[in-house]
Amino acid sequence: KQEVTQIPAALSVPEGENLVLNCSFTDSAIYNLQWFRQDPGKGLTSLLLIQSSQREQTSGRLNASLDKSSGRSTLYIAASQPGDSATYLCAVSYVEYGNKLVFGAGTILRVKS
Amino acid sequence: DGGITQSPKYLFRKEGQNVTLSCEQNLNHDAMYWYRQDPGQGLRLIYYSQIVNDFQKGDIAEGYSVSREKKESFPLTVTSAQKNPTAFYLCATSRGFSGNTIYFGEGSWLTVV
């Protein structure tokens, strides 16, 4: 069964700290990997999309890396702010799964001011 | 104002009732999806449609039905056969079905009373 695992489940950091969220997947045969942000009771907002052939993507203070051989992706958030507080979800598009997304359970991030 | 509109935001269902959740998009995207989210869990795919007049079952299609008569619309019916329907339902779209960023609506909360 294709799965996506996110560690840690929850994280609390002081404002200004750099932090890393982790995502692992079970099969290196993927089309792409996406990171999303979800605010409480809201829909998901796409942050970064990394295609299978890419190693990383950057957007502002966010940097996502992809290592297919180890089945891992990291989302790096620089200089965290209270407004970054949200749940961050990782989703993988597995080739064997017909390009449909498989989601992790998410990491709940709280940035304290 | 472009985007994905889900309605209603909150819906209550009595035992034995069918209810329909609306999803409308004006992004001119071909692919549309319905996901279910339960507390502390990742999203699970209910149904998806790659093109008008075509749709496929996802991982948890039992007790649900959909239609795709127009490109802009992909309504989800939660039937009485769905024994545990209380959840947060998310509609999403993408330009195509392969390797594209996926965009989400704001979600609909369904509660059984």
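Return the loop-located chymotrypsin sites (Phe, Trp or Tyr not before Pro) in the range B:1-54 (DSSP other than H, G, I, E, B) with at most 16 other Cβ atoms within 10 Å of their own Cβ; answer none if there are none.
Details: sites: B:Y10, B:F12, B:Y33, B:W34, B:Y35, B:Y47, B:Y48; in loops: none.
Filter output for the range B:1-54: empty list.
Given the convex hull over the Cα atoms of the protein assembly as shown, what projected area results after averaging over all orientations, in nm²? Mind showing how you got there, number by number?
Details: hull surface 49.9 nm².
Over all viewing directions, the protein assembly as shown projects a mean Cα-hull area of 12.5 nm².
Run through the range B:1-109 and list the trypsin sites (Lys or Arg not before Pro) located in a DSSP loop whose Cβ has at most 13 other Cβ atoms within 10 Å.
When the trypsin sites (Lys or Arg not before Pro) of the range B:1-109 are filtered for loop state and at most 13 Cβ neighbours within 10 Å, B:K9, B:K14, B:K83 remain.
Run the simple label-point estimate for A:K42 and A:S28 please: 7 Å along Cα→C-beta, distance reported in nm.
Rounded to a tenth, the inter-label distance reads 3.8 nm.
Tell me, what HN-Hα J-couplings in whole Hz come from the Karplus equation 6.51 cos²θ - 1.76 cosθ + 1.60 at θ = phi - 60° for each residue of the range A:45-54, using x for Gly and Pro?
Going residue by residue, I get 10, 5, 9, 8, 10, 10, 6, 4, 7, 9 Hz, with x marking Gly and Pro.
Identify which of B:L21, B:L11, B:L90 has the largest mean-square fluctuation in a Gaussian network model of chain B, with springs joining Cα atoms closer than 10 Å.
Comparing B:L21, B:L11, B:L90 in the GNM, the peak value goes to B:L11.
From the Cα trace of chain A, what convex hull volume per residue do you get, rounded to a whole Å³?
Enclosed volume per residue, from the Cα hull, is 92 Å³.
Run the numbers on the range A:65-113 and let me know its relative contact order in percent, using alpha-carbon pairs under 8 Å that are six or more apart.
It rounds to 36 percent for the range A:65-113.
Just to be sure I understand: if I project the alpha-carbon convex hull of chain B onto a plane and average over all orientations, what area do I get in nm²?
Working: hull surface 27.1 nm².
Convex hull of Cα atoms, orientation-averaged projection: 6.8 nm².
Quick one: putting +1 on the C-beta of Lys and Arg, -1 on the C-beta of Asp and Glu, what dipole do you get for chain B around its Cα centre, in Debye to the nearest 20?
For this selection, approximately 180 debye.
Using the eigenvalues of the Cα gyration tensor, what equivalent ellipsoid semi-axes result for the range A:44-87 when each is taken as the square root of five times the eigenvalue, whole Å, largest first? Walk me through the numbers on the way to the answer.
Details: eigenvalues 90, 22, 20 Å².
Here the semi-axes work out to 21, 10, 10 Å.
Given springs between every Cα pair under 10 Å in a Gaussian network model of chain B, which of B:A31, B:A81, B:A92 has the largest fluctuation?
Checking each option, the largest mean-square fluctuation is seen for B:A81.
What GluC sites (Glu not before Pro) in the range B:1-88 are in a loop by DSSP, with at most 13 other Cβ atoms within 10 Å of the Cβ?
B:E15, B:E62, B:E69
Name the most mobile residue of A:P14, A:P82, A:P40, meaning the one with the largest mean-square fluctuation, in a Gaussian network model of chain A with Cα contacts below 10 Å.
Per the Cα network of chain A with a 10 Å cutoff, A:P40 tops the list.
Suppose R0 equals 25 Å; then what is the FRET efficiency for B:V52 and A:Q51 from their Cβ-Cβ distance, rounded to the nearest 0.05?
Step by step, r from the Cβ atoms, then E = 0.40.
Using only alpha carbon pairs under 8 Å that are at least six residues apart, calculate the relative contact order of the range B:1-83 and give it in whole percent.
It rounds to 29 percent for the range B:1-83.
Each reported figure results from applying straightforward, stated rules to the coordinates on display, with no laboratory input. Remember, it's a predicted structure, so these values are computed and weren't measured experimentally. Cβ coordinates were reconstructed from backbone atoms using ideal geometry, including for glycine residues, and neighbour counts include every protein chain displayed.
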